[in-house]
Amino acid sequence: MERLERFFLKRYIEAPKRNLFRFSFVFMVLGIMLSVGILSAGLHLFQGYESTLRKLLLDSFSHIGISSAYGEMISEAQYEEIISYTDAFPEIESTIPMLGFPLMAQKNDKIRAASLKAYPDMADPPFAKYISLGKKNISEGEVIVGHYLMQELNLAIGDTLNLNYPRLDQITPLGIPSTRSDFRIAGVYRSGYYENDRSMVVVTMANARELMMQPDGYSKIELQLEDPGRAAQLNHRISAILGPDFISIPWNYHAESLLRLVAMEKWLIFIVFSFLVLIAGINVISTVSTIIIDQKAEIAVLKTLGASRRTIHRMLVYRVGMVGVLSVFAGQVLGALLSWFVEHQSFYRLKGDVYFIDTLGAKITLPNLAIIFAVATALIFICIMIPLRQIDRMQIIEVIRNKH
Amino acid sequence: MILSARHLTKTYIDSDQTIEVLKDASLDVQTGNMISITGKSGCGKSTMLHIMGLLDAPDSGELYICGERVHSESKSAPMIRNRDLGFVFQFHYLIEDLTAVENVILPMLIAGNQESHARLKAKEILALLGLAERFNRYPNQLSGGEQQRVSLARALINQPKIVFADEPTGNLDPVHSNEVWEMIMNLNRELNQAFVVVTHDVEAANRAHKSYELIDGRLNLKKG
Ligand SMILES: Nc1ncnc2c1ncn2[C@@H]1O[C@H](COP(=O)(O)OP(=O)(O)OP(=O)(O)O)[C@@H](O)[C@H]1O
Ligand SMILES: [Mg+2]
């Protein structure tokens with residue numbers, strides 16, 4: 001850096017009020033702050049959405065699900081066999097058998113489709129952390145119901161709910177026979193993942209077997225992994241061991257495309273909002289032009305005294321660039337505040353049936369902050385450079401002749 | 001010979017007329033010369049000075065500084081302006097946001113000198129020009145004569161071969177005008193500093209060693 005540049009830079013830093021700021025900077029600063037703020041808030045919220053969704057998908061589903069290749073139940077003996085295989089993998093945290101089937105939940109004249117699940121070990125069920133009301137370990141005759149299913153059927157804890165399993169496999173000319181039974185609601189399930197919250201019904205394994213008239217066997221074996229990111233790879237090895245009698249499906253088989261779509265939407269939002277910064281950049285261009293016109297006498301003097309074109313360019317770039325970078329920082333703070341506000345406001349909630357989840361949470365990550373900073377400053381610096389050509393076209397001699 | 005201008009011509013073409021400002025203007029400047037140029041308003045004195053100061057280009061003719069042919073558009077022009085030439089204009093052209101000392105150090109900073117060193121030198125020259133009490137004043141806190149002396153200090157700080165002054169006292173009352181002239185004469189005498197001064201003031205012009213009048217696009221020697 002040349003001495004002259006250093007001299008002016010020092011003045012900007014030491015006495016910014018006198019040397020750095022101009023009234024024409026106000027709109028530039030506001031524009032950058034607002035656009036970067038909106039860009040940041042958008043990205044933070046979408047990032048929050050993405051990671052909440054990912055976490056919920058991981059927590060509410062088995063990382064790898066094993067079922068029979070022929071649509072049959074998995075017998076106790078087959079379950080033991082599977083366990084003997086999965087025990088060999090230290091990456092697998094748990095192997096839990098599950099009985100699950102679709103049925104109808106009925107209260108008075110309202111009927112909803114629901115999805116029943118039962119686990120043999122009710123002392124510490126896998127869904128325990130999502131019980132928002134009531135108890136986790138239910139006993140015979142009790143049921144845990146999803147939050148939105150409760151709402152749709154106008155239910156409260158302590159009410160009775162009729163579960164009704166139509167025997168589609170035994171259709172007769174007289175109709176569809178069904179097993180049905182009344183349960184007392186003992187707990188509410190609320191994970192935040194909308195699909196589960198409006199369909200989940202949990203009863204004890206014994207009750208489930210009665211309803212389904214299925215004395216033994218399981219519909220699915222659920223594996224939970226230490227690192228869900230490796231599900232696909234692990235699944236590959238497991239299915240090779242299991243052979244053709246079983247189908248094993250990793251969680252990302254279904255979820256990955258959804259998550260990819262969400263991630264793509266996130267970057268789309270980022271690009272669209274980056275245009276806001278570009279619009280703020282127009283203010284930067286006009287600010288730099290204004291400075292060049294305002295200070296043309298000074299610029300002419302420096303040129304007369306022998307300052308090079310590059311030095312004069314750089315002095316302007318430093319000056320406006322410093323204000324620009326500070327504005328970007330301020331915008332990032334504003335963005336964090338904005339997303340905090342959106343997270344804590346109560347007049348708008350996500351529609352669960354559209355967005356899968358019903359709460360809006362922001363997530364601020366270092367890489368995202370860095371990307372916002374890099375993109376915003378790059379755009380601003382490009383906008384600073386554009387009007388610099390005016391300096392080169394400026395004839396010193398015209399300026400010197402025309403003072404006063 | 002530090003500067004030699006040979007057969008300079010300059011023509012301005014306006015929408016309706018062409019003005020031949022310089023037709024065949026030549027001037028030699030030697031070390032320690034004190035040269036004045038007078039002439040009617042609009043005859044081309046400033047134009048001549050700007051061309052010699054590498055701020056403007058002639059239509060034809062040659063310019064040599066220290067024996068080397070130079071041109072306002074050449075790459076070395078900014079460096080020559082910084083190192084070998086000094087300028088004082090009718091209007092002071094100080095930077096309003098900088099103090100007297102800070103204005104004076106600019107040419108030294110551009111030349112790549114350290115700021116602390118430049119400040120010492122600037123104070124020395126300002127003191128020499130009677131501005132010891134005014135180091136940290138901003139231009140708008142100085143009188144017209146003082147502002148012009150600060151410009152003079154700025155023109156001198158890099159010890160240029162020639163200082164060009166375009167009506168340096170044109171904006172000053174007789175008292176301040178005289179003060180600045182005394183300064184210039186002193187610097188010429190004591191430091192052997194070469195000056196080319198454009199002025200309307202014929203009496204002052206006659207104090208120079210060599211006095212030229214610009215008539216009809218040519219420089220005519222009147223005295224010396
Ligand atoms: N860019 C330009 N376009 C057209 N004509 C110009 C231009 N610059 C200068 N002139 C003309 O050239 C002539 C010489 O101008 P110059 O400034 O050199 O005169 P001067 O002798 O310094 O006058 P003064 O004593 O009033 O300062 C003037 O007639 C002026 O109008
Ligand atoms: Mg003039």
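Only the coordinates and a few stated rules stand behind these numbers; no lab work does. Quick caveat, the model's predicted, so the values are computed rather than measured. Ideal geometry is used to build each Cβ from the backbone, glycine not excepted, and the neighbour counts take in all protein chains shown.
Among the listed pairs B:75/B:121; B:10/B:223; A:136/A:266; B:23/B:210, those with a Cα-Cα distance over 31 Å are A:136/A:266. Distant-in-sequence amide contacts of residue A:247, defined by a placed amide H-H separation under 5 Å and a gap of 5 or more residues or a different chain, comprise A:67, A:68, A:69. Once you reduce region B:83-154 and region A:373-404 to the center of their Cα atoms, the two points are 26 Å from each other. Per-residue mean of foreign Cβ neighbours for B:96-106 is 3 (Cβ atoms of other chains, 10 Å radius). Please work out whether the protein assembly as shown counts as rounded, prolate or oblate from its C-alpha gyration tensor, where a ≥ b ≥ c are the square roots of the eigenvalues and a/c under 1.5 means rounded, while otherwise a/b larger than b/c means prolate and anything else oblate? Taking the square roots of the gyration eigenvalues as a ≥ b ≥ c, the protein assembly as shown is prolate. On a straight-distance basis, which aspartates and glutamates could pair with residue A:107 in a cross-link, Cα separation under 19 angstrom, same-chain partners fewer than 8 positions away excluded? Within reach: A:142, A:152, A:159, A:182, A:197.
Which value, in debye to the nearest 20, gives the size of the charge dipole of the protein assembly as shown about its Cα centre, when Lys and Arg are +1 and Asp and Glu are -1 at the Cβ? In total the dipole reaches around 2380 debye.
With respect to chain A, whose longest principal axis is taken over its alpha-carbon atoms, helix A:76-86 is tilted by about 30°. In this structure the amide hydrogen of residue B:193, modeled in the peptide plane, comes within under 5 Å of the amide hydrogens of B:188, none closer than 5 places in sequence on its chain.
The mean sequence distance of close C-alpha pairs (under 8 Å, at least 6 residues apart), as a share of the length of chain A, puts its relative contact order at 29 percent. Among beta bridges identified by DSSP and lying wholly in region B:3-223, the antiparallel ones come to about 55 percent.
Ellipticity at 222 nm from helices only: DSSP H runs of n ≥ 4 in the protein assembly as shown, each -39500 (n - 2.57), divided by the residue count, give -14500 deg cm²/dmol. A straight line joining the Cα centroids of region A:222-287 and region A:289-352 runs 34 Å.
Set Lys and Arg Cβ to +1 and Asp and Glu Cβ to -1, take the dipole of the protein assembly as shown about its Cα centre, and tell me which of A:326, A:177, A:157 lies farthest positive. The listed residue farthest towards the positive side: A:326. Helix A:252-294 and the longest principal axis of the Cα set of chain A meet at an angle near 10°.
Computed about its Cα centre, the charge dipole of region B:3-223 is approximately 640 debye, with only Lys, Arg, Asp and Glu carrying charge at their Cβ. Measuring nothing but how far apart in sequence close Cα pairs (under 8 Å, 6+ apart) lie, relative to its length, chain B scores a relative contact order of 30 percent. Our note on the geometry: Cα centres of region A:151-212 and region A:33-51, 41 Å apart.
Against the main long axis of the alpha-carbon atoms of chain A, helix A:3-14 sits at an angle near 60°. Of all DSSP bridge pairs formed entirely within the protein assembly as shown, close to 70 percent run antiparallel.
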